[in-house]
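The values are calculated or read from the model by the stated rules, or taken from the named source; none is laboratory data. Quantities reported herein were computed from a predicted structural model and do not represent experimental measurements. Cβ placement follows ideal geometry from the backbone for every residue including glycine, while neighbour counts extend to all protein chains displayed.
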Amino acid sequence: MNKKWLVGGGLVLGLIAAGGWRHYMREKATAEPDFLPVEEDGDFSVRDYMPFWIAETHATGTRREAIRSGFRTLADYIFARSHDGDEIPMTSPVLESHDEGDRWRVAFVMPSGATSESLPEPPPGVSLRKLPARRVGVVCFSGAPGDYDLEQLEGRLRDWLKGKGYDVVDGKPDYAFFNSPTIPGPLRRNEVWLEVALEAPVGN
């Protein structure tokens, strides 16, 4: 049997024994942006995402350093530690994309139905932005940081999309992470997203 699955099975048993299974299932039920499935093929898929709002910040350093720093900044915003007002419900995924040099964008997805008027005023260093409707190619994978090669996964996704006849829109990938560091690597859901050209509008 695959060693990864043996390890994963042991971790699942450990979670159950430690009472962590309920926490894992709560994370799996965390809301995420609405999308329409276009095509699915194992770990690969194409989705049409409806518009949604994000809160984003910039961080510098390695990718792992940047996401830790950006996560803290955005967590302070949604948990009302850096502004006066109510907390914002946690959603998934956390999105990360490379800007330039050692500069990265880190973003939290805002709850469905949120608008710039309904969301609390962000503190300095955090901004709100509405992402338009778009079609994305996706490759899904598990693992903790260090267990995967994002460039290799991006290459596999590009090859799959090309083979399926999709045109990738010029731009850098988004890395999407759906679980907290408390979840063991084999149980985590991670994805690489690449925007692809739309044949027709999918939303406003």
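A few remarks follow.
- In region 187-204, the residues that are outside any loop (DSSP other than H, G, I, E, B), closer than 12 Å to Val46 by Cβ and either among the hydrophobic types (A, V, I, L, M, F, W, C) or free of Cβ contacts under 8 Å to residues at least 24 places away in the same chain (or both): Trp193, Leu194, Val196
- Evaluation of Ser118 against the conditions (1) touching a residue at least 12 places away in the same chain (Cβ under 8 Å); (2) within 21 Å of Met50 (Cα to Cα) shows that the sole unmet condition is (1).
- Residue match in region 99-109 (condition: assigned to a loop (DSSP other than H, G, I, E, B), on the phi > 0 side of the Ramachandran plot and either of a type outside the set (Val, Ile, Thr) or touching a residue at least 12 places away in the same chain (Cβ under 8 Å) (or both)): yes
- Test: residue in region 114-126 that is within 22 Å of Ser69 (Cβ to Cβ), in the same structural domain as Leu187 (by TED's automatic domain parsing) and either part of a helix (DSSP H, G or I) or out of contact with any Gly (no Cβ under 7 Å at 6 or more places or on another chain) (or both): no
- Matching residues in region 161-186 - criterion: being surrounded by 19 or more Cβ atoms within 10 Å (Cβ to Cβ) and part of a helix (DSSP H, G or I): Leu161, Gly185
- Asp48 surrounded by fewer than 12 Cβ atoms within 10 Å (Cβ to Cβ) and modelled with pLDDT of 95 or more: no
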